[in-house]
Amino acid sequence: MKRNGGEEMSLVGNVLIDLEGRPPSFARSYLADLQQQLGPANLDVRWRGGELRDLPPGARLLRHPSAADSITSAGLRAAQGGHLLVLLAPLLPDPAVLHALGGALDQDPLVGFVQPRFGNALGDGVWPLPDGPGAPREALSRQSLSLLPASYLTTEQLAACILVRRELAAVFGQAPGGPEDFRTAFALQLVHARRRGFRNLVLNRVVVPTPEPPEALYPRLDPSSRRRLHSLCPDAATAEEWFHREPSHRRERLVSVARRARSGSRLPVLLDCRGASAHHNGTSHAMLGMIAGLEAEAPRWDLDVLFGAEAGKYHEVARRFPSINLLTGLPDGSYAAAVCLNQPWHLSTVADLHHRAATITFNMLDTIGWDIVYQCNPEVEKAWSFIARHADGLAYISGFTRDRFRFRFPVDPGVSEAVTHLSLDPAEYLNPATTNLPEGEHLLVFGNHYEHKAVGPTLDLLSRAFPFQPLRAMGARSERSRNIAVLESGHLPEVEVDRLIATARVVVFPSWYEGFGLPVMKALAYGRPVVVRSSPLWRELAALTRASGRLVEFSVPQELVLAVGRLLAEAPVEVLSFGGSLGPGSAPPRWRDCARRLIELVERTVDRTDADRWLERERTLRLAQL
Amino acid sequence: MRILTLFVRHGTAKYTEALDDLRAFQRRRLPEVRHDMLIVDNGPEAPSPTPGAEVIRGSNRRWEFSAWDDGLAHVGARVRDYDLVHLVTSAFNTLYTRYIDRIGPALLEEVAGRATALGHVDWYNEPVELLGYPGQAWLRSSFVFIPPAELLTLGSLVGCTAEPEIFSGDPTSPFRPEAPVSPNYRRYVYDWLTGPGTGQGVTWHSRFVLDRESLPFFQAKAMAIFNEQMLAIRLRLQGCAMVDATWLATELGTRPSTRRRQPFPHWRVQLSQRDTDAVPLPPSS
């Protein structure tokens, strides 16, 4: 580095060190080490203890009773050459670190001070930036360093090692009546520097290892000193607030959680099942199946499973899955990944997970909520557009659902996707209490009251076509004919639903639109003939299963009547063939296989964790004020 | 413990015993460790398959340093599944090798999961400067253990790519006058590659006469030396301690097993406290 006249001077010619309160023997030994480390440099030592002899050359004691005088004195020396390194703790920064700090001042003429990060010399971690009182002080994994930006430009922040631009150090000074405490006086200089337009640069990949505790590395002024500083410069409090509201604090914590420091570490994962209702439906069934698969697959995860209290109780989650950690309220902790086992209906659900996890994944069951409009809140479009752009992972329970979602909400290339399916193994759908029951007399029409399930029109049609055939209907609003018995969908005990399906002569599933169709899989597992409305979904699923039932498609009402008639008459029908996508000898996917695909997807998102992606998501959510 | 070994070679004609020697070391000193090995072959021929290891082709753009980059790119995110990455070249068993058999499970346990790189610390008698950074000691890069986190933070093992600013193209004065290499460093490099060594009583086994024909090799070899120095500088910059294997073996052999972990001392202290081949601290220390 050269001054204007071209005369060589060292990059860091001057060091101001606060050694107040340290024993003389420690101070002597430390100053000798520091001199050896830095080479020729002026060491200004803030010292108010007893005699301190045998100082290394270049060291002088600043015994001013006024802290401001000490700072002014060191600043004046800095004006003679080199920037001013201020050490508030006895650190031994490597000369390469000082070179990097000095070089960083050249990045922008209004970077006033530069600070490194601090590593725990006794372990693996890097200390987090101070995030306000009471914030966790757990060290960040060093693996997260590679994912952070090279630097942060912040408001002023006291740290144990700060390189101050020479021009600023040279004008350090204080009006009479300023703070007497050294750190407060120094903090006041940083405030004034910021008021002149100079910012603080934190170099994230320049690390000073030290055994000093984080409290010493990021010293907090005591309450009365803070009050004094804030009374002198009220904007110091504003700058502090700006520093603390930086999203980098949370981002660092989450990225650190996502990065396992050593092999064998478990991944903290939050499974959000708040979408489960306190009654039986496909969503709950799919969630419980996936949890069972996860339990069987036992990934190296520390898994917290979040249910609504009522739904958790209704489905007896704690009894069914004793090994999982069941939560019924949003946790405060940090997770490597959060997985929502159903599609989010509100952006606030996405924000809940984003604030708690480095990566977020959503399991898309279907897109019908958005398509049909009338049963859906207007927020859903925002939520789905957002996750298509900003989620880390999207799982789909079928290729059919994936294609519908992608067509409606183009998915960003940065989103990892996987079709996990739900179980296609008939054995996993059979209830021992309802297997091997004799075939009954009834024809079962399955669905619910939503218009796309088409239960009502189908019942009308079939009761007219087969007036003497007993019909049972899941999900119709009323009994429309004498030969129809209507059963309320959702609240019938599961075993009764199984019994109805297992004993039906024919099951008709007339839905226009399904993401998977669990009742179809169940009916096929019980060996029942099932008539479904034609959809690419059924061909996809048939190719992945080997069931004892038969799957028959129809497109128009006449075909439905014809298919049901032939099945009731035990006449030949055209059926979809099973197992076309399964290799010879390979079995249909079980819940465990589906869970494995979900695990692979989630771990892929964690492997690909990109701190910038989290930050972009945060900024977008902040714009939406979430 | 899981270790990924990235073994770099330039064909198999030279250092023919290197791979067997490395495997013998693993069997002898680290039998309990799970080793995975990836060989990066910088040679011009298609690499020949090697039993027990995956072999990929290296670009040889920056010798072993780019080869390790090639290896790490090949391994990708899986590198995080390892406790340590062992960077090795086929020349590892040449020059001073006594430190190699000091390395064992206890040393690796001491460094795994910490911000440390373990190997053999070499040094110059005086501090040197490269690309503006001060340096004096470095880890011999032919045999070094580094946690994956440190490699990920480095990003690339190639730290010096400044040939146009460094070399003049003139064998009689190979460095540009304004090269970002301190004069004493130029002298160390020149003397090591062509003459009497660096003033420590050791000469290089393959020294040569620098002329127009050997100039490209001189430049490539000098770049490897600079990259080795830059690796040490960049590791220190990110707070990763250089740990000398002989010193750590000495330290673990003498300290009570119950003693708590301590910060690793400065390299000068480490070298002065080796139980063999100690380097006295200068009087000012």
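Brief remarks follow.
Residue-wise test of (1) in contact (Cβ under 8 Å) with a residue 40 or more places away in the chain; (2) aliphatic (A, V, I, L, M); (3) assigned by TED's automatic domain parsing to the domain that holds A:LYS522; (4) within 30 Å of A:ARG608 (Cβ to Cβ).
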| position | (1), (2), (3), (4) |
| --- | --- |
| A:ASN431 | yes, no, yes, no |
| A:PHE446 | yes, no, yes, no |
| A:HIS449 | yes, no, yes, no |
| A:VAL455 | yes, yes, yes, no |
| A:GLN469 | yes, no, yes, no |
| A:ASN483 | no, no, yes, no |
| A:LEU487 | no, yes, yes, no |
| A:VAL497 | yes, yes, yes, no |
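- Here is the figure for the range B:103-155: residues that are basic (Lys, Arg) and either within 14 Å of chain A (Cβ to nearest Cβ) or assigned to a strand (DSSP E or B) (or both) total 1.
- If you go through the range A:78-133 and keep only what is out of contact with any helix residue (DSSP H, G or I) (no Cβ under 9 Å at 6 or more places or on another chain), surrounded by fewer than 19 Cβ atoms within 10 Å (Cβ to Cβ), hydrophobic (A, V, I, L, M, F, W, C) and more than 9 Å from chain B (Cβ to nearest Cβ), you end up with just A:LEU110.
- The residues on offer are B:PHE208, B:PHE226, and the sole one that is within 20 Å of the chain's Cα centre (by Cα) and either away from chain A (no Cβ under 14 Å) or over 26 Å from A:PRO93 (Cβ atoms) (or both) is B:PHE226.
- Filtered residue count, the range B:1-34, keeping only those that are assigned to a strand (DSSP E or B) and over 18 Å from B:SER142 (Cα atoms): 2
- Residues (of a type in the set (Val, Ile, Thr) and either part of a loop (DSSP other than H, G, I, E, B) or without any contact (Cβ under 8 Å) to a residue 24 or more places away in the chain (or both)) located in the range A:305-332: A:ILE324, A:THR328
- When the range A:529-542 is filtered for residues that are in contact (Cβ under 8 Å) with a residue 40 or more places away in the chain and over 41 Å from the mean Cα position of the chain (by Cα), only A:PRO529 remains.
- The set of residues from the range A:152-181 being touching a helix residue (DSSP H, G or I) at 6+ places or on another chain (Cβ under 7 Å) and either farther than 14 Å from A:GLY75 by Cα or acidic (Asp, Glu) (or both) comprises A:TYR152, A:THR154, A:THR155, A:GLU156, A:GLN157, A:LEU158, A:ALA159, A:ALA160, A:GLY178, A:PRO179, A:GLU180, A:ASP181.
Residue by residue, here is whether (1) acidic (Asp, Glu); (2) touching a residue at least 12 places away in the same chain (Cβ under 8 Å) holds:
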site	(1), (2)
B:TRP204	no, yes
B:GLU213	yes, no
B:ALA220	no, yes
B:ILE225	no, yes
B:GLU228	yes, yes
B:CYS240	no, yes
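- Residue selected from the range A:216-272 under the condition part of a strand (DSSP E or B) and in contact with a Phe, Trp or Tyr (Cβ under 6 Å, 6 or more places away or on another chain), by the criterion surrounded by the most Cβ atoms within 10 Å (Cβ to Cβ): A:LEU270
- Scan of the range A:484-505 for residues that are surrounded by fewer than 20 Cβ atoms within 10 Å (Cβ to Cβ), under 41 Å from the mean Cα position of the chain (by Cα) and part of a loop (DSSP other than H, G, I, E, B), ordered by number: A:GLU488, A:GLY490, A:HIS491, A:LEU492, A:PRO493
- Some residue of the range B:181-198 being away from every other protein chain (no Cβ under 14 Å), surrounded by 19 or more Cβ atoms within 10 Å (Cβ to Cβ) and over 26 Å from B:ASN93 (Cβ atoms): yes
- Here the strands (runs of 3 or more DSSP E) wholly within the range A:381-477 that include at least 2 residues being under 24 Å from the mean Cα position of the chain (by Cα) are A:393-396, A:416-419.
- Any chance A:ALA150 is in contact (Cβ under 8 Å) with a residue 12 or more places away in the chain and either more than 14 Å from every other protein chain (Cβ to nearest Cβ) or among the charged types (D, E, K, R) (or both): no
- Residue match in the range A:190-201 (condition: more than 19 Å from A:ASP235 (Cβ to Cβ) and modelled with pLDDT of 90 or more): yes
- Count - residues of the range A:543-561 that are under 42 Å from the mean Cα position of the chain (by Cα) and of a type in the set (Lys, Arg): 1
- Checked against the criterion of being charged (D, E, K, R), in the same structural domain as A:SER416 (by TED's automatic domain parsing) and within 20 Å of A:THR420 (Cβ to Cβ), the range A:363-376 contains one or more residues that satisfy it.
Condition check ((1) surrounded by fewer than 16 Cβ atoms within 10 Å (Cβ to Cβ); (2) closer than 30 Å to A:THR609 by Cβ; (3) touching a Lys or Arg at 6+ places or on another chain (Cβ under 6 Å)) across all residues:
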| residue | (1), (2), (3) |
| --- | --- |
| B:LEU22 | no, no, no |
| B:GLU32 | yes, no, no |
| B:ASP36 | no, yes, no |
| B:ILE39 | no, yes, no |
| B:ALA46 | yes, no, no |
| B:ARG61 | yes, yes, no |
| B:ALA73 | yes, yes, no |
| B:ARG78 | yes, yes, no |
| B:LEU87 | no, yes, no |
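- For the range B:135-193, the set of residues classified as of a type in the set (Lys, Arg) and more than 26 Å from B:ARG9 (Cα to Cα) consists of B:ARG176, B:ARG186, B:ARG187, listed by residue number.
- For the range A:590-626, taking the residues that are of a type in the set (A, V, I, L, M, F, W, C) and within 13 Å of chain B (Cβ to nearest Cβ), the one that is surrounded by the most Cβ atoms within 10 Å (Cβ to Cβ) is identified as A:VAL606.
- When A:LEU91 is tested against (1) within 23 Å of A:ALA41 (Cα to Cα); (2) touching a residue at least 40 places away in the same chain (Cβ under 8 Å); (3) among the aliphatic types (A, V, I, L, M); (4) touching a Phe, Trp or Tyr at 6+ places or on another chain (Cβ under 6 Å), only condition (4) is not met.
- Residue in the range A:547-587 that is surrounded by the most Cβ atoms within 10 Å (Cβ to Cβ), counting only those that are among the β-branched types (Val, Ile, Thr) and not in a helix (DSSP H, G or I): A:VAL552
- Among the residues of the range B:137-172, just one is surrounded by fewer than 18 Cβ atoms within 10 Å (Cβ to Cβ), of a type in the set (S, T, N, Q) and farther than 17 Å from B:MET223 by Cβ, namely B:THR172.
The values are calculated or read from the model by the stated rules, or taken from the named source; none is laboratory data. Bear in mind that the values here come from a model prediction, so they are computed numbers and not experimental data. Positions of Cβ are backbone-derived with ideal geometry, glycine not excepted, and every protein chain shown enters the neighbour counts.
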